[in-house]
Amino acid sequence: MATRRVREKVKPYLPGAKTLDLSTLRNWLWDAACKIRGPVDAPRYKDYILPLIFIKRVSDVFEDEVERLAKELMQTKEKAAQIAENDHSLVRFFLPKESRWSELIKVRSGLGQRLTDAMRAFVKQNPSLEGVLDTIDFNATAAGQRVVTDDHLAEVMQVLNKHRLGLYDVQPDIIGDAYEYLIAKFQAGSGQSAGEYYTPRQVARLMAKLLDVQPGMEVYDPCCGSFSLAIKAHLELLERCGKERNGHWELPAKVPPVKLHGQEILAATYAMAKMNAFIHQVEADIRLGDTMNHPRFLETDGGLKKFDRVIANPMWNQDAFRQQTYENDTYGRFIYGIPPNSTADWGWIQHMLASLKPNGRTVVIIDTGAASRGSGNQGSDRERDIRKKIVEANLVEMVILMPSNIFANMSGPSVIMVLHKSPPPLGAKREEEGAGGGGSVLMINASRECEKGRPKNELTEKNIERIAEAGLSRGEIEAFSKLVPLFEIAKNDFNLSPSRYVSNGAAEDILPLEEAVVLLKEAEEERAEADERLRNLLGALGL
C-alpha cells in the first residue's frame with residue numbers, strides 16, 4: 001500500500017512551527033510539579049497540573065485564532081476578539097475572557113476560586129467538556145485546610161507561563177505527552193505504582209500506522225486512558241490526506257474524518273481523554289465505565305457495537321476480573337475460551353475481536369507472556385487453548401516483538417498483535433501463504449529496533465518506518481520478519497512469540513518478573529482448583 005510518509009520529528013504539526021522539544025517539555029513539567037510536591041501526594045500531581053496545561057493550551061490557541069482572524073479581517077486583535085465574541089463560529093472554539101490565561105496569570109488573591117470559576121465558564125461555552133473541567137475544585141480543602149494554597153497555585157502558573165502552547169509551539173498531543181511524563185516521574189519519585197500503562201508516543205504512532213485507518217472509519221479503544229492511541233489514528237490519517245488551512249491541519253471536504261470512540265474506567269483519566277479530544281478538535285464519543293463488566297457501546301438490540309478498527313493498550317496481566325465476568329457474559333465475547341484469573345490479556349483481545357465489523361482490524365500491545373504462556377505444558381492451559389482456537393480460526397495477522405525498556409513504568413519487552421476478521425485486509429492472499437496453504441502469521445522480531453537511551457530506549461522514525469513497512473506489506477526480511485505457516489505454529493504448541501521463529505542473534509532474555517508472577521499465580525490457581533475437586537470427591541465418598 002503506497003502512503004505518503006511524513007517524519008514526525010522532522011515535519012512539525014504546522015508549516016514553519018518551532019515546536020517545544022521533548023527534553024524542554026519534561027524539565028518544564030517537572031519544575032511545575034515540584035511547586036506542589038509538598039502539599040499534594042505524588043500520584044495527584046497530574047490532577048492539578050494537567051487542567052492548568054489544558055487551559056494554557058486553549059488560551060494560546062485562542063490567541064492564535066484571534067490573530068488569524070485579525071489578519072483576515074484587517075482589524076486589530078482587540079477588535080477581532082470582539083467580533084469572535086459575537087460570532088463563535090469564526091474561531092475553532094470560544095474562550096470567555098475570564099477563562100483566558102492572560103487574565104488568570106494576573107490574579108493576586110482568591111486564585112483557587114478564580115481558576116475553578118474560569119473552568120466552569122469555559123464549559124458553559126463548550127458543553128462537550130461538561131462533567132470534566134467543571135468538576136475540578138482548585139479551592140478544595142481537606143481537614144479544614146486548602147489542599148493546594150493560592151501561593152502554590154501561583155508558583156505553578158508562573159512556571160507554566162514560561163512557554164507558549166499555541167498552534168505553532170507544540171506538537172498537538174501536549175496532554176498525552178504531559179500525562180506520560182508525569183506518570184513516569186511520580187512513580188520514580190514516590191515509589192508508588194501508577195497502575196497505568198501510557199503508550200509512548202513512538203509506539204502509539206507505530207500502532208496507528210499498523211491500524212491502517214481509512215477515511216470515514218469508526219475507531220474504538222475499549223480502555224482508552226488519555227485517548228492518545230485513538231487520536232494517533234486520526235493524526236495518521238491527517239498525515240496522509242490532510243492539508244494546512246487557517247493555521248491547522250484538516251482533511252479536505254471530500255475526505256470524511258474518522259469517528260473516534262473510547263471507554264475508560266477511571267474518572268480522572270476519562271477527564272484527560274475528554275480534554276485531549278477537545279484540544280485535537282476530533283469527533284469523539286468517550287464514555288465512563290468498566291468495559292469488561294459493563295461495556296457502554298451497545299446496539300439497540302443490546303449487542304456490542306461493531307467498529308472498523310479497534311486499538312488498545314489494556315493493563316497487562318490484569319487480575320481484576322473473576323470467572324463470573326466471563327462465564328456470565330451476555331455479549332458473546334469469550335467464545336474462544338475463559339482466561340485464567342491471573343491475567344485478562346486474552347479476555348481483552350476477545351472483547352476487541354467481538355467489537356470488530358466483518359472486515360475489521362485490531363491492534364493491541366500486551367505483555368510478551370500472552371504470546372507464549374502455556375505452550376509446551378502437558379494437559380490443558382487456558383491461555384494456550386485460547387491462542388490455539390484464535391490461530392486455527394486464522395484471525396492473527398502479525399505479531400511483533402518490541403524492544404525492552406521503552407515503557408515509562410516497566411522495563412520488559414512487549415508484543416504488538418494485529419488481528420482481523422475475515423476476509424483479511426490489504427488484499428493479502430492468506431490462503432496462498434505457507435506450504436500447502438492454510439494461511440500464515442507474519443512474525444517480526446523488532447527487539448533491536450530502537451535507539452538505546454537512559455533511562456529509556458526509544459523508537460526512532462527509521463525504526464517505526466521499517467516495522468510498519470514490513471508489517472503492511474507482509475514482507476519477509478532475513479533476521480527480521482518471516483511468514484510462518486499455521487502448521488508450524490501448531491507444531492510449536494501455538495507459541496506466538498516472534499523470537500521462536502525469527503532469530504536476530506540477540507541472547508535470550510531472562511524470564512521477566514511480570515511473567516514469572518503470572519505463572520506463579522496460574523500455578524496457585526490450578527492448585528486451588530485441584531484442591532476443590534479433591535474435596536468434592538472426598539465428600540462424595542463420605543470421607
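The values are calculated or read from the model by the stated rules, or taken from the named source; none is laboratory data. Computed from a prediction, not measured in an experiment: that's the story for all the values here. We place every Cβ from the backbone using ideal geometry, glycine too, and count neighbours over all the protein chains shown.
Here are the numbers for the structure shown:
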read-out: Residue within the stretch 493-514 that is exposed (fewer than 12 other Cβ atoms within 10 Å of the Cβ), outside any loop (DSSP other than H, G, I, E, B) and modelled with pLDDT of 75 or more present; value: no
read-out: Any hit, the stretch 261-284, residues being free of Cβ contacts under 8 Å to residues at least 40 places away in the same chain and acidic (Asp, Glu); value: yes
read-out: Some residue of the stretch 157-170 being β-branched (Val, Ile, Thr) and under 18 Å from Gln113 (Cα atoms); value: no
read-out: Residue match in the stretch 141-155 (condition: farther than 24 Å from Trp30 by Cα, among the charged types (D, E, K, R) and either touching a helix residue (DSSP H, G or I) at 6+ places or on another chain (Cβ under 9 Å) or not assigned by TED's automatic domain parsing to the domain that holds Met272 (or both)); value: no
read-out: Matching strands (runs of 3 or more DSSP E) fully within the stretch 404-488 where at least 3 residues are surrounded by 15 or more Cβ atoms within 10 Å (Cβ to Cβ), of a type outside the set (A, V, I, L, M, F, W, C) and at pLDDT 85 or above; value: 481-485
read-out: Which listed residue is buried (at least 24 other Cβ atoms within 10 Å of the Cβ), of a type outside the set (A, V, I, L, M, F, W, C) and more than 24 Å from Lys421 (Cα to Cα), from Asn276, Asn328, Asn341, Asn317; value: Asn276
read-out: Residue within the stretch 295-302 that is under 17 Å from the mean Cα position of the chain (by Cα) and at pLDDT below 95 present; value: no
read-out: From the options Arg44, Arg120, residue that is within 22 Å of Ala273 (Cβ to Cβ) and either modelled with pLDDT under 90 or not in a helix (DSSP H, G or I) (or both); value: Arg44
read-out: Test: residue in the stretch 139-157 that is crowded, with 17+ Cβ neighbours inside 10 Å, in a loop (DSSP other than H, G, I, E, B), modelled with pLDDT under 90 and in contact with a strand residue (DSSP E or B) (Cβ under 9 Å, 6 or more places away or on another chain); value: yes
read-out: Boolean, Tyr13 is at pLDDT below 75, among the hydroxyl-bearing types (Ser, Thr, Tyr) and either in contact with a Leu (Cβ under 6 Å, 6 or more places away or on another chain) or not assigned by TED's automatic domain parsing to the domain that holds Lys232 (or both); value: yes
read-out: Residue in the stretch 64-80 that is in contact with a His (Cβ under 9 Å, 6 or more places away or on another chain), assigned by TED's automatic domain parsing to the domain that holds Asp31 and among the aliphatic types (A, V, I, L, M) present; value: no
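Residue by residue, here is whether (1) out of contact with any Lys or Arg (no Cβ under 6 Å at 6 or more places or on another chain); (2) surrounded by fewer than 20 Cβ atoms within 10 Å (Cβ to Cβ); (3) among the basic types (Lys, Arg) holds:
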residue: Leu73; (1), (2), (3): yes, yes, no
residue: Ala81; (1), (2), (3): yes, no, no
residue: Phe93; (1), (2), (3): yes, yes, no
residue: Ser99; (1), (2), (3): yes, no, no
residue: Lys106; (1), (2), (3): yes, yes, yes
residue: Leu115; (1), (2), (3): yes, no, no
